[in-house]
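What follows is a short report on a single structure.
The values are calculated or read from the model by the stated rules, or taken from the named source; none is laboratory data. Owing to the predicted nature of the structure, the values given are computational and were not obtained by experimental measurement. Counting neighbours? That spans all protein chains shown, and the Cβs are built from the backbone with ideal geometry, glycine included. To get the accessible areas, we keep the full protein, side chains included, count just its heavy atoms, and leave off ligands, DNA and RNA. Shrake-Rupley method; radii C 1.70, N 1.55, O 1.52, S 1.80 Å.
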Amino acid sequence: MQKDEKLKLLFIINPVSGGKEKSDWEEKIRFYFKTSPHIMDFYLLSGERDETSVAHHIESVSPDRIVAVGGDGTVKMVAELLQNKNLPLAIIPAGSANGMAKELEIPLDVDEALEVAINGEQKSLDAIKINDEEMCIHLSDLGLNAMLVKYFEGYKKRGMWGYGKSIFRVMWDKQKMHVTIKTDKETFKRKAYMVVLANARKYGTGGNINPDGDVSDGFFEVVVMRKINLIEIMKGLFTDKSFHPNRIEVFKTKTAKLITMKKTYFQVDGEYRGRVNELKAEILPGILQIMVPRLQASKQAKHGTNFSTYLKTNNMDRLELKGRWNELKGKVKQAHGDLTDDDLRYEDGKEDELYGRLQTKLGKTREDVIDWLKGLDKDRR
């Protein structure tokens, strides 16, 4: 465990996540940190006015890092409070699905997840703004899966039995929707069983609905399931292969508008939101800072372009950057005089933090910033 940096940690715990009792999580966390210098504060969610209470607690405690202990709903609630705050969020997976934790390859083991929370790497995370009022950090959808979420929430007995009954009912009731979709590049109509607004790749069950997705690339995908096909289902469950476009289409975009002929089941990050017939969505690039396993130990480095990859492809590894960043920083400041020294602060091993600040301050996507920096570096040579 890291010894040279004393952190003030605020743990926000959902006491009913995953069926655990509230004492379990706090005891495990206190035991893990019993010989550490870090300062801990705990807040237990009650289910009443949680957003307001947590926001007030964050302000009063002034932590260096927030740790959400719960499932996807807990992570989403805390993430919405932290947008644009540059306050890192860590996750201890404690729900039933833990979709976002799995997407970020955060270990399900408590001790290993706590290690990431303290010694992991800070990463910029995109989100999708839904109808100008709600943030989606993982996956939202219209149609079959949203119907499944609704049915599952309605069963008193959850678990695999409730999930199995929900799937059977969904397959019995399934029907196609007529939907008009507008992206950055085109407008088209489809008949589909499901339309997904995907910031991430996989559902918490492990099903891969968006094989080429990247939570940090400045885009999201509109995934249109036109046919229910066994081959495509097997691809999603067991591979990272792209789907056949005649069955499942994927459109990369920064904005989208969906209009259905009839009101259709809709869910956001695993929470059922009722029936709707119109949706607006736009990407919020780099709006969150989140702790993930260090890139050299994680397959996350393989998904999308990141600042470390940019440095390597330009022969600027971390040691070389120490001597070269100040010169490149001068070119950056010439191009954008409103950037402060704090915006351009670089620490060895924390390239993603620098990259995230540039992405947020300039309002550019990850790819745009990388291309821009490449051009400046080329001119500098």
- Keeping to the stretch 55-89, report how many residues are open to solvent by 60 Å² or more (accessible area, probe 1.4 Å) and hydroxyl-bearing (Ser, Thr, Tyr). 2
- Note on the structure: Counted residues in the stretch 312-360 being surrounded by 15 or more Cβ atoms within 10 Å (Cβ to Cβ), modelled with pLDDT under 75 and either of a type in the set (Val, Ile, Thr) or under 24 Å from the mean Cα position of the chain (by Cα) (or both) come to 8
- Note on the structure: All-but-one check, Ile233 against (1) among the hydrophobic types (A, V, I, L, M, F, W, C); (2) closer than 20 Å to Thr205 by Cα; (3) open to solvent by less than 10 Å² (accessible area, probe 1.4 Å), failing number (3)
- Subset of the stretch 205-226, residues of a type in the set (A, V, I, L, M, F, W, C), out of contact with any helix residue (DSSP H, G or I) (no Cβ under 8 Å at 6 or more places or on another chain) and not in a strand (DSSP E or B), comes to Phe219
- Query: So is Asp214 among the charged types (D, E, K, R) and on the phi > 0 side of the Ramachandran plot or not?
  - Reply: no
- Task: Tell me which residues, restricted to the stretch 134-170, are open to solvent by 10 Å² or more (accessible area, probe 1.4 Å) and at pLDDT 90 or above.
- Result: Glu134, His138
- Among the numbered conditions (1) touching a Gly at 6+ places or on another chain (Cβ under 9 Å); (2) open to solvent by 10 Å² or more (accessible area, probe 1.4 Å), tell me where Tyr43 comes up short. (1)
- Query: Can you name the helices (runs of 4 or more DSSP H) wholly within the stretch 11-107 that have at least 3 residues being under 17 Å from His138 (Cβ atoms) and not hydrophobic (A, V, I, L, M, F, W, C)?
  - Reply: 72-82, 99-103
- Task: Filter the stretch 108-119 for residues that are of a type in the set (A, V, I, L, M, F, W, C), open to solvent by 10 Å² or more (accessible area, probe 1.4 Å) and not in a loop (DSSP other than H, G, I, E, B) and give the result.
- Result: Val110, Val116
- Please verify whether the stretch 47-54 includes one or more residues that are at positive phi and open to solvent by 50 Å² or more (accessible area, probe 1.4 Å). yes
- Check Glu5, Glu105, Glu26 and return the single one that is surrounded by fewer than 22 Cβ atoms within 10 Å (Cβ to Cβ) and touching a Ser or Thr at 6+ places or on another chain (Cβ under 6 Å). Glu105
- Query: Among the residues of the stretch 120-130, is any in a strand (DSSP E or B), within 24 Å of Asp214 (Cβ to Cβ) and touching a Lys or Arg at 6+ places or on another chain (Cβ under 6 Å)?
  - Reply: yes
- Failed condition for Leu295, given (1) open to solvent by 80 Å² or more (accessible area, probe 1.4 Å); (2) modelled with pLDDT under 80; (3) closer than 30 Å to His138 by Cβ, with all others met? (1)
- Item | Among (1) surrounded by fewer than 22 Cβ atoms within 10 Å (Cβ to Cβ); (2) out of contact with any Ser or Thr (no Cβ under 7 Å at 6 or more places or on another chain), the one test that Met100 misses | (1)
